[in-house]
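The values are calculated or read from the model by the stated rules, or taken from the named source; none is laboratory data. Here the structure is a predicted model, which is why all the values come from computation and not from measurement. Glycine gets a Cβ as well: all are built from the backbone with ideal geometry, and neighbour counts include every protein chain shown.
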Amino acid sequence: MISLRMQVFSIVAVVLFLVSLVALLRKNRLELKYSLLWLLSGLVMLLLAFFPGLLDRFAQFIGVYSSVNALFAVLIFCGVLVMISLTSIVSKEKREIVRLTQEMGMMENRLRELEKTLEELKEAKEGV
Amino acid sequence: MKILVIIPAYNEEGNILHTLENLHAYAADMDALVVNDCSTDGTRKLLEENGVNHLNLPVNLGIGGGVQAGYRYAKKYGYDIAVQFDGDGQHDARYLHDLIAPLEKGEADITIGSRFLRHEGFQSSGMRRAGIRILHRLILLLCGKNVMDVTSGMRAVNRRFICAYAAHYAQDYPEPEAIMYAGIRGAEIREVPVVMKERESGKSSIGAMRSAYYMIKVSLALVVGRLSLEKKEESMEEDA
(Lines give C-alpha, C1' and ligand atoms only; values in the text may rest on other atoms or scores of the structure.)
Protein backbone atom coordinates (compact mmCIF):
# COMPACT_ATOMS: atom_id res chain seq x y z
CA MET A 1 0.00 0.00 0.00
CA ILE A 2 1.06 3.56 -0.55
CA SER A 3 0.80 6.10 2.30
CA LEU A 4 -1.09 9.34 1.84
CA ARG A 5 2.13 11.28 2.47
CA MET A 6 3.88 9.43 -0.32
CA GLN A 7 0.91 9.98 -2.63
CA VAL A 8 1.02 13.75 -2.04
CA PHE A 9 4.75 13.88 -2.70
CA SER A 10 4.43 11.80 -5.87
CA ILE A 11 1.70 14.05 -7.20
CA VAL A 12 3.77 17.17 -6.48
CA ALA A 13 6.87 15.64 -8.11
CA VAL A 14 5.04 14.50 -11.22
CA VAL A 15 3.27 17.85 -11.59
CA LEU A 16 6.61 19.65 -11.28
CA PHE A 17 8.05 17.33 -13.91
CA LEU A 18 5.17 17.97 -16.32
CA VAL A 19 5.21 21.73 -15.71
CA SER A 20 8.93 22.01 -16.47
CA LEU A 21 8.46 19.84 -19.55
CA VAL A 22 5.69 22.10 -20.84
CA ALA A 23 7.76 25.19 -19.99
CA LEU A 24 10.67 23.85 -22.04
CA LEU A 25 8.34 23.03 -24.90
CA ARG A 26 6.83 26.53 -24.86
CA LYS A 27 10.29 28.10 -25.04
CA ASN A 28 11.10 25.83 -27.98
CA ARG A 29 13.98 24.31 -26.04
CA LEU A 30 12.61 20.83 -26.68
CA GLU A 31 11.39 19.41 -29.94
CA LEU A 32 7.88 18.04 -29.38
CA LYS A 33 8.71 14.98 -31.48
CA TYR A 34 11.49 14.01 -29.09
CA SER A 35 9.58 14.76 -25.89
CA LEU A 36 6.48 12.70 -26.67
CA LEU A 37 7.94 9.77 -24.76
CA TRP A 38 8.63 11.99 -21.75
CA LEU A 39 5.11 13.41 -21.85
CA LEU A 40 3.64 9.93 -22.14
CA SER A 41 5.63 8.57 -19.20
CA GLY A 42 4.74 11.70 -17.20
CA LEU A 43 1.04 11.09 -17.79
CA VAL A 44 1.38 7.44 -16.76
CA MET A 45 3.10 8.56 -13.56
CA LEU A 46 0.40 11.12 -12.90
CA LEU A 47 -2.29 8.50 -13.34
CA LEU A 48 -0.50 6.18 -10.91
CA ALA A 49 0.00 8.99 -8.40
CA PHE A 50 -3.70 9.82 -8.35
CA PHE A 51 -4.92 6.25 -8.37
CA PRO A 52 -2.42 4.18 -6.36
CA GLY A 53 -4.94 1.33 -6.48
CA LEU A 54 -3.99 0.86 -10.13
CA LEU A 55 -0.39 0.39 -9.10
CA ASP A 56 -1.34 -2.23 -6.49
CA ARG A 57 -3.32 -4.18 -9.04
CA PHE A 58 -0.54 -3.88 -11.59
CA ALA A 59 2.02 -5.10 -9.02
CA GLN A 60 -0.16 -8.09 -8.25
CA PHE A 61 -0.61 -8.78 -11.93
CA ILE A 62 3.11 -8.89 -12.70
CA GLY A 63 3.81 -10.79 -9.48
CA VAL A 64 5.72 -8.13 -7.55
CA TYR A 65 4.97 -8.11 -3.79
CA SER A 66 5.62 -4.45 -3.12
CA SER A 67 3.82 -1.79 -5.13
CA VAL A 68 6.77 0.57 -4.78
CA ASN A 69 9.03 -1.95 -6.50
CA ALA A 70 6.54 -2.21 -9.32
CA LEU A 71 6.70 1.57 -9.59
CA PHE A 72 10.50 1.40 -9.87
CA ALA A 73 10.17 -1.23 -12.58
CA VAL A 74 7.77 0.98 -14.56
CA LEU A 75 10.04 4.02 -14.18
CA ILE A 76 13.16 2.14 -15.23
CA PHE A 77 11.31 0.78 -18.22
CA CYS A 78 10.25 4.29 -19.25
CA GLY A 79 13.85 5.51 -18.80
CA VAL A 80 15.22 2.72 -20.99
CA LEU A 81 12.65 3.50 -23.68
CA VAL A 82 13.70 7.14 -23.71
CA MET A 83 17.39 6.17 -23.91
CA ILE A 84 16.80 3.85 -26.85
CA SER A 85 14.92 6.58 -28.65
CA LEU A 86 17.80 8.98 -27.95
CA THR A 87 20.30 6.53 -29.44
CA SER A 88 18.13 6.22 -32.50
CA ILE A 89 17.93 10.00 -32.82
CA VAL A 90 21.73 10.32 -32.47
CA SER A 91 22.22 7.67 -35.18
CA LYS A 92 19.93 9.51 -37.55
CA GLU A 93 21.67 12.82 -36.88
CA LYS A 94 25.05 11.18 -37.47
CA ARG A 95 23.89 10.00 -40.88
CA GLU A 96 22.70 13.49 -41.67
CA ILE A 97 25.96 15.09 -40.56
CA VAL A 98 27.95 12.67 -42.72
CA ARG A 99 25.81 13.53 -45.72
CA LEU A 100 26.12 17.27 -45.10
CA THR A 101 29.88 17.04 -44.64
CA GLN A 102 30.25 15.15 -47.91
CA GLU A 103 28.07 17.64 -49.77
CA MET A 104 30.05 20.52 -48.30
CA GLY A 105 33.31 18.93 -49.40
CA MET A 106 31.94 18.64 -52.95
CA MET A 107 30.64 22.21 -52.92
CA GLU A 108 34.00 23.54 -51.79
CA ASN A 109 35.71 21.58 -54.55
CA ARG A 110 33.31 23.01 -57.12
CA LEU A 111 33.83 26.52 -55.78
CA ARG A 112 37.61 26.19 -56.13
CA GLU A 113 37.19 24.94 -59.71
CA LEU A 114 34.95 27.88 -60.54
CA GLU A 115 37.39 30.35 -59.01
CA LYS A 116 40.18 28.86 -61.06
CA THR A 117 38.14 29.16 -64.26
CA LEU A 118 37.23 32.74 -63.42
CA GLU A 119 40.86 33.59 -62.77
CA GLU A 120 41.85 32.11 -66.13
CA LEU A 121 39.10 34.03 -67.92
CA LYS A 122 40.24 37.29 -66.32
CA GLU A 123 43.83 36.68 -67.30
CA ALA A 124 42.82 35.87 -70.87
CA LYS A 125 40.82 39.10 -71.02
CA GLU A 126 43.71 41.20 -69.70
CA GLY A 127 46.07 39.53 -72.14
CA VAL A 128 44.00 40.78 -75.10
CA MET B 1 35.68 5.27 -70.08
CA LYS B 2 35.88 7.86 -67.33
CA ILE B 3 37.84 6.49 -64.40
CA LEU B 4 38.22 8.13 -61.00
CA VAL B 5 40.83 7.13 -58.44
CA ILE B 6 39.59 7.96 -54.93
CA ILE B 7 42.42 8.46 -52.45
CA PRO B 8 41.27 8.84 -48.85
CA ALA B 9 43.85 10.80 -46.85
CA TYR B 10 44.01 11.63 -43.17
CA ASN B 11 47.28 13.25 -42.04
CA GLU B 12 49.25 11.85 -44.97
CA GLU B 13 51.58 14.78 -45.72
CA GLY B 14 54.52 12.35 -45.71
CA ASN B 15 53.01 9.97 -48.26
CA ILE B 16 50.47 11.70 -50.41
CA LEU B 17 52.81 13.21 -53.02
CA HIS B 18 54.60 9.87 -53.52
CA THR B 19 51.22 8.25 -54.01
CA LEU B 20 50.24 10.84 -56.61
CA GLU B 21 53.57 10.51 -58.44
CA ASN B 22 53.12 6.75 -58.46
CA LEU B 23 49.62 7.21 -59.90
CA HIS B 24 50.85 9.63 -62.51
CA ALA B 25 53.57 7.20 -63.59
CA TYR B 26 51.32 4.17 -64.06
CA ALA B 27 47.78 5.47 -64.44
CA ALA B 28 47.98 8.91 -65.99
CA ASP B 29 44.77 8.23 -67.92
CA MET B 30 42.74 8.13 -64.70
CA ASP B 31 41.51 11.18 -62.79
CA ALA B 32 42.65 11.40 -59.19
CA LEU B 33 40.56 12.73 -56.32
CA VAL B 34 42.14 13.04 -52.88
CA VAL B 35 39.60 13.12 -50.06
CA ASN B 36 41.25 15.11 -47.29
CA ASP B 37 39.36 13.89 -44.24
CA CYS B 38 39.92 16.99 -42.10
CA SER B 39 43.66 16.37 -41.71
CA THR B 40 45.35 18.30 -38.91
CA ASP B 41 48.80 18.30 -40.54
CA GLY B 42 49.91 20.03 -43.75
CA THR B 43 48.03 17.70 -46.10
CA ARG B 44 45.56 20.37 -47.22
CA LYS B 45 48.26 22.96 -47.94
CA LEU B 46 50.30 20.40 -49.86
CA LEU B 47 47.29 19.50 -52.01
CA GLU B 48 46.46 23.13 -52.71
CA GLU B 49 50.02 24.11 -53.57
CA ASN B 50 50.36 21.23 -55.99
CA GLY B 51 47.04 21.84 -57.68
CA VAL B 52 45.70 18.39 -56.84
CA ASN B 53 41.99 17.79 -57.35
CA HIS B 54 40.70 17.20 -53.84
CA LEU B 55 37.79 17.43 -51.44
CA ASN B 56 38.29 19.03 -48.03
CA LEU B 57 35.85 17.55 -45.53
CA PRO B 58 35.11 20.12 -42.80
CA VAL B 59 34.55 17.34 -40.21
CA ASN B 60 36.56 14.14 -39.80
CA LEU B 61 34.31 11.32 -41.02
CA GLY B 62 36.72 8.38 -40.93
CA ILE B 63 37.58 6.13 -43.84
CA GLY B 64 33.99 5.08 -44.63
CA GLY B 65 32.53 8.57 -44.89
CA GLY B 66 35.61 9.81 -46.74
CA VAL B 67 35.53 7.10 -49.36
CA GLN B 68 31.79 7.55 -49.75
CA ALA B 69 32.34 11.25 -50.47
CA GLY B 70 34.53 10.04 -53.35
CA TYR B 71 31.79 7.71 -54.61
CA ARG B 72 29.28 10.55 -54.45
CA TYR B 73 31.68 12.70 -56.48
CA ALA B 74 32.07 9.88 -59.01
CA LYS B 75 28.31 9.53 -59.26
CA LYS B 76 27.75 13.26 -59.66
CA TYR B 77 30.37 13.71 -62.37
CA GLY B 78 29.39 10.66 -64.37
CA TYR B 79 32.36 8.34 -63.87
CA ASP B 80 32.06 4.80 -65.23
CA ILE B 81 34.59 3.25 -62.87
CA ALA B 82 35.76 4.33 -59.43
CA VAL B 83 38.93 2.95 -57.88
CA GLN B 84 39.80 3.11 -54.19
CA PHE B 85 43.49 3.61 -53.58
CA ASP B 86 45.14 4.27 -50.21
CA GLY B 87 47.13 7.46 -49.82
CA ASP B 88 49.61 5.97 -47.37
CA GLY B 89 51.96 4.34 -49.87
CA GLN B 90 50.79 0.72 -49.35
CA HIS B 91 49.29 0.42 -52.79
CA ASP B 92 51.10 0.42 -56.10
CA ALA B 93 49.47 2.01 -59.14
CA ARG B 94 51.17 -0.39 -61.55
CA TYR B 95 48.38 -2.89 -60.75
CA LEU B 96 45.52 -0.49 -61.45
CA HIS B 97 45.04 -1.46 -65.08
CA ASP B 98 44.92 -5.15 -64.15
CA LEU B 99 42.43 -4.20 -61.46
CA ILE B 100 39.99 -2.42 -63.74
CA ALA B 101 40.37 -4.75 -66.74
CA PRO B 102 37.47 -7.07 -65.71
CA LEU B 103 35.22 -4.02 -65.21
CA GLU B 104 36.09 -2.58 -68.63
CA LYS B 105 35.25 -5.90 -70.24
CA GLY B 106 32.00 -6.05 -68.27
CA GLU B 107 33.00 -9.34 -66.66
CA ALA B 108 32.67 -8.09 -63.08
CA ASP B 109 30.96 -5.37 -61.07
CA ILE B 110 33.64 -5.12 -58.40
CA THR B 111 37.29 -6.10 -58.35
CA ILE B 112 39.47 -6.33 -55.26
CA GLY B 113 43.23 -6.10 -55.23
CA SER B 114 44.28 -9.17 -53.24
CA ARG B 115 47.54 -9.87 -51.41
CA PHE B 116 46.68 -13.51 -50.86
CA LEU B 117 46.29 -14.91 -54.36
CA ARG B 118 50.00 -15.14 -55.09
CA HIS B 119 51.33 -14.53 -51.59
CA GLU B 120 53.81 -11.91 -52.73
CA GLY B 121 54.82 -8.71 -50.99
CA PHE B 122 53.66 -7.49 -47.59
CA GLN B 123 51.38 -10.14 -46.10
CA SER B 124 50.48 -8.48 -42.79
CA SER B 125 51.06 -10.15 -39.41
CA GLY B 126 49.91 -13.69 -38.56
CA MET B 127 47.27 -12.40 -36.16
CA ARG B 128 45.81 -10.10 -38.78
CA ARG B 129 45.79 -12.85 -41.37
CA ALA B 130 43.90 -15.08 -38.93
CA GLY B 131 41.35 -12.32 -38.45
CA ILE B 132 41.02 -11.80 -42.18
CA ARG B 133 40.47 -15.57 -42.63
CA ILE B 134 37.62 -15.49 -40.11
CA LEU B 135 35.96 -12.57 -41.90
CA HIS B 136 36.51 -14.32 -45.23
CA ARG B 137 34.61 -17.38 -43.94
CA LEU B 138 31.87 -15.23 -42.44
CA ILE B 139 31.28 -13.39 -45.72
CA LEU B 140 31.29 -16.68 -47.63
CA LEU B 141 28.70 -18.01 -45.18
CA LEU B 142 26.49 -14.92 -45.23
CA CYS B 143 26.40 -14.10 -48.94
CA GLY B 144 28.22 -16.89 -50.77
CA LYS B 145 31.00 -14.66 -52.10
CA ASN B 146 34.47 -16.13 -51.94
CA VAL B 147 36.81 -13.20 -51.36
CA MET B 148 40.20 -13.90 -49.78
CA ASP B 149 41.46 -10.41 -49.00
CA VAL B 150 38.32 -8.94 -47.47
CA THR B 151 40.08 -5.99 -45.84
CA SER B 152 41.95 -4.83 -48.92
CA GLY B 153 41.42 -1.12 -49.50
CA MET B 154 42.38 -1.39 -53.16
CA ARG B 155 39.26 -2.02 -55.16
CA ALA B 156 37.39 -0.88 -58.23
CA VAL B 157 33.65 -0.73 -58.89
CA ASN B 158 31.52 -0.07 -61.95
CA ARG B 159 28.80 2.55 -62.38
CA ARG B 160 26.10 0.40 -60.81
CA PHE B 161 27.98 0.09 -57.53
CA ILE B 162 29.26 3.66 -57.62
CA CYS B 163 25.58 4.60 -57.29
CA ALA B 164 24.93 1.91 -54.67
CA TYR B 165 27.89 3.00 -52.53
CA ALA B 166 27.00 6.68 -52.97
CA ALA B 167 23.66 5.88 -51.36
CA HIS B 168 24.92 3.48 -48.71
CA TYR B 169 28.41 2.82 -47.40
CA ALA B 170 29.48 1.42 -44.02
CA GLN B 171 31.10 3.99 -41.78
CA ASP B 172 33.67 2.65 -39.31
CA TYR B 173 35.63 -0.24 -40.83
CA PRO B 174 33.83 -0.44 -44.13
CA GLU B 175 35.83 -2.82 -46.34
CA PRO B 176 34.34 -6.23 -45.40
CA GLU B 177 30.85 -4.75 -45.05
CA ALA B 178 31.04 -3.17 -48.49
CA ILE B 179 31.81 -6.60 -49.99
CA MET B 180 28.81 -8.18 -48.32
CA TYR B 181 26.54 -5.27 -49.17
CA ALA B 182 27.42 -5.74 -52.83
CA GLY B 183 27.33 -9.54 -52.50
CA ILE B 184 23.72 -9.71 -51.36
CA ARG B 185 22.80 -7.37 -54.20
CA GLY B 186 24.12 -9.83 -56.72
CA ALA B 187 27.44 -8.21 -57.58
CA GLU B 188 29.95 -10.20 -59.60
CA ILE B 189 33.07 -9.82 -57.47
CA ARG B 190 36.52 -10.77 -58.67
CA GLU B 191 39.91 -10.68 -57.00
CA VAL B 192 43.00 -9.55 -58.84
CA PRO B 193 46.46 -10.41 -57.50
CA VAL B 194 48.45 -7.37 -56.38
CA VAL B 195 51.55 -6.75 -54.29
CA MET B 196 51.32 -4.35 -51.38
CA LYS B 197 54.03 -2.63 -49.40
CA GLU B 198 54.25 -1.68 -45.77
CA ARG B 199 53.22 1.86 -44.97
CA GLU B 200 55.87 4.43 -45.85
CA SER B 201 55.28 6.74 -42.91
CA GLY B 202 52.68 7.53 -40.29
CA LYS B 203 50.54 5.02 -38.44
CA SER B 204 47.93 2.58 -39.70
CA SER B 205 44.37 3.43 -38.78
CA ILE B 206 44.03 0.14 -36.89
CA GLY B 207 46.43 -0.29 -33.96
CA ALA B 208 47.09 -3.64 -32.28
CA MET B 209 44.93 -2.79 -29.28
CA ARG B 210 41.91 -2.14 -31.42
CA SER B 211 42.06 -5.40 -33.33
CA ALA B 212 39.68 -7.18 -30.95
CA TYR B 213 37.22 -4.32 -31.20
CA TYR B 214 37.64 -4.42 -34.96
CA MET B 215 36.82 -8.13 -35.18
CA ILE B 216 33.76 -7.87 -32.93
CA LYS B 217 32.41 -4.76 -34.60
CA VAL B 218 32.91 -6.01 -38.14
CA SER B 219 31.55 -9.52 -37.48
CA LEU B 220 28.49 -8.09 -35.80
CA ALA B 221 28.02 -5.52 -38.55
CA LEU B 222 28.17 -8.28 -41.18
CA VAL B 223 25.51 -10.35 -39.39
CA VAL B 224 23.29 -7.32 -38.77
CA GLY B 225 23.81 -6.21 -42.36
CA ARG B 226 22.61 -9.62 -43.54
CA LEU B 227 19.50 -9.36 -41.36
CA SER B 228 18.85 -5.76 -42.34
CA LEU B 229 15.32 -5.06 -43.51
CA GLU B 230 16.47 -2.42 -45.95
CA LYS B 231 15.37 -3.45 -49.37
CA LYS B 232 17.99 -5.48 -51.12
CA GLU B 233 18.07 -3.70 -54.44
CA GLU B 234 20.26 -0.64 -54.33
CA SER B 235 18.54 2.70 -54.28
CA MET B 236 19.12 4.57 -57.48
CA GLU B 237 17.59 7.82 -56.29
CA GLU B 238 19.15 10.85 -57.88
CA ASP B 239 20.31 13.51 -55.50
CA ALA B 240 19.38 17.11 -55.94
Which of the numbered conditions does residue B:104 fail, given that it passes all the others? Conditions: (1) surrounded by fewer than 21 Cβ atoms within 10 Å (Cβ to Cβ); (2) farther than 24 Å from residue B:195 by Cα; (3) at pLDDT 95 or above. (2)
Reported set for segment B:198-217 where residues are in a helix (DSSP H, G or I) and either out of contact with any Gly (no Cβ under 9 Å at 6 or more places or on another chain) or at pLDDT below 90 (or both) is B:208, B:209, B:210, B:211, B:212, B:213, B:214, B:216, B:217
Quick check on my filter: what residues within segment B:1-24 are surrounded by fewer than 17 Cβ atoms within 10 Å (Cβ to Cβ) and either touching a Lys or Arg at 6+ places or on another chain (Cβ under 8 Å) or within 13 Å of residue B:86 (Cβ to Cβ) (or both)? B:18
Can you confirm whether segment B:124-136 contains a residue that is within 17 Å of residue B:83 (Cβ to Cβ), buried (at least 21 other Cβ atoms within 10 Å of the Cβ) and hydrophobic (A, V, I, L, M, F, W, C)? no
Residue B:90 passes all but one of the listed conditions (1) within 23 Å of residue A:108 (Cα to Cα); (2) in contact (Cβ under 8 Å) with a residue 60 or more places away in the chain; (3) more than 9 Å from chain A (Cβ to nearest Cβ); the exception is number (1)
Tell me, which helices (runs of 4 or more DSSP H) wholly within segment B:90-194 include 2 or more residues that are small (Gly, Ala, Ser)? B:126-143, B:159-167, B:174-183
Kindly provide the set of residues from segment B:27-50 that are within 9 Å of chain A (Cβ to nearest Cβ) and surrounded by fewer than 20 Cβ atoms within 10 Å (Cβ to Cβ), ordered by number. B:38, B:48
Name the one entry in A:75, A:71, A:43, A:37 that is surrounded by 12 or more Cβ atoms within 10 Å (Cβ to Cβ) and either at pLDDT below 85 or polar (S, T, N, Q) (or both). A:71
So, in segment B:51-81, of the ones that are aromatic (Phe, Trp, Tyr) and farther than 18 Å from residue A:114 by Cβ, which residue ends up surrounded by the fewest Cβ atoms within 10 Å (Cβ to Cβ)? B:79
Note on segment A:33-83: residues free of Cβ contacts under 8 Å to residues at least 24 places away in the same chain, of a type in the set (Gly, Ala, Ser) and under 17 Å from residue A:3 (Cβ atoms) are A:53, A:59, A:66, A:70
By my count, helices (runs of 4 or more DSSP H) wholly in segment A:1-73 with at least 2 residues that are closer than 30 Å to residue A:89 by Cα are A:4-26, A:32-50
Identify, by number, the condition in (1) part of a helix (DSSP H, G or I); (2) of a type in the set (Val, Ile, Thr); (3) within 14 Å of another protein chain (Cβ to nearest Cβ) that residue B:59 doesn't meet. (1)
